[in-house]
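Student: Just passing along the structure, written as structure tokens.
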């Protein structure tokens with residue numbers, strides 16, 4: 001059984017990013033567990049003084065889930081031309097733990113523009129040694145025009161998501 005752990009950079013349950021993660025979850029076969037992490041808002045602000053062998057329980061739980069994952073998938077919007085603060089905070093807590101080190105990772109940035117957050121996320125994921133490839137990164141600009149009533153309606157977006165997801169699956173088989 002393979003385990004894909006996904007994180008949304010949006011805290012809003014009905015967001016475009018959550019819709020994308022739910023869509024990808026619907027694509028998995030029986031031999032894959034696909035978890036959509038719902039604890040981003042519960043992670044305390046990063047404090048280097050607490051980043052030790054006994055971090056806050058929510059952080060320890062997150063690190064355990066990341067460590068147990070065969071692959072990690074992040075889908076995020078862009079806020080104020082950058083990475084959403086809550087997502088950046090989650091990633092900051094992983095630096096010293098090595099939770100992402102060498103881990104197969106996919107990045108989807110789905111926003112109005114998204115170029116700035118996408119570039120920043122690629123740098124951040126590189127800094128924490130996540131294993132990204134060009135095939136496992138995707139920028140989807142103007143995402144709201146590609147979703148209607150919770151369904152991805154743009155065929156090109158569906159195809160690109162499928163290619164990214166299959167590329168991620170190939171890295172863990």
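The values are calculated or read from the model by the stated rules, or taken from the named source; none is laboratory data. Quantities reported herein were computed from a predicted structural model and do not represent experimental measurements. Here Cβ is always computed from backbone atoms with ideal geometry, including for glycine, and neighbour counts include all displayed protein chains.
Student: Filter segment 1-17 for residues that are closer than 12 Å to residue 73 by Cα and crowded, with 19+ Cβ neighbours inside 10 Å and give the result.
Tutor: Selection gives 4, 5, 6, 7, 8, 9, 17.
Student: Take the residues in segment 59-88 that are surrounded by fewer than 16 Cβ atoms within 10 Å (Cβ to Cβ) and touching a residue at least 12 places away in the same chain (Cβ under 8 Å); name whichever of them is nearest to residue 128 (Cα to Cα).
Tutor: 67
Student: State the number of residues belonging to segment 12-35 that are modelled with pLDDT of 95 or more, more than 18 Å from residue 136 (Cβ to Cβ) and either in contact with a helix residue (DSSP H, G or I) (Cβ under 6 Å, 6 or more places away or on another chain) or in a loop (DSSP other than H, G, I, E, B) (or both).
Tutor: 3
Student: Determine whether residue 104 is in contact with a helix residue (DSSP H, G or I) (Cβ under 6 Å, 6 or more places away or on another chain), surrounded by fewer than 19 Cβ atoms within 10 Å (Cβ to Cβ) and within 23 Å of residue 34 (Cα to Cα).
Tutor: no
Residue-wise test of (1) modelled with pLDDT under 95; (2) in contact with a helix residue (DSSP H, G or I) (Cβ under 9 Å, 6 or more places away or on another chain); (3) more than 23 Å from residue 64 (Cβ to Cβ).
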residue: 109; (1), (2), (3): no, yes, yes
residue: 116; (1), (2), (3): no, no, yes
residue: 129; (1), (2), (3): no, no, no
residue: 147; (1), (2), (3): no, yes, yes
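Student: I'm trying to understand the selection: among the residues of segment 89-107, which are under 22 Å from residue 44 (Cβ atoms) and touching a residue at least 60 places away in the same chain (Cβ under 8 Å)?
Tutor: If the condition is that a residue be under 22 Å from residue 44 (Cβ atoms) and touching a residue at least 60 places away in the same chain (Cβ under 8 Å), then 90 is the only one that fits.
Student: Among the numbered criteria (1) part of a loop (DSSP other than H, G, I, E, B); (2) out of contact with any strand residue (DSSP E or B) (no Cβ under 7 Å at 6 or more places or on another chain), which one does residue 49 miss?
Tutor: (1)
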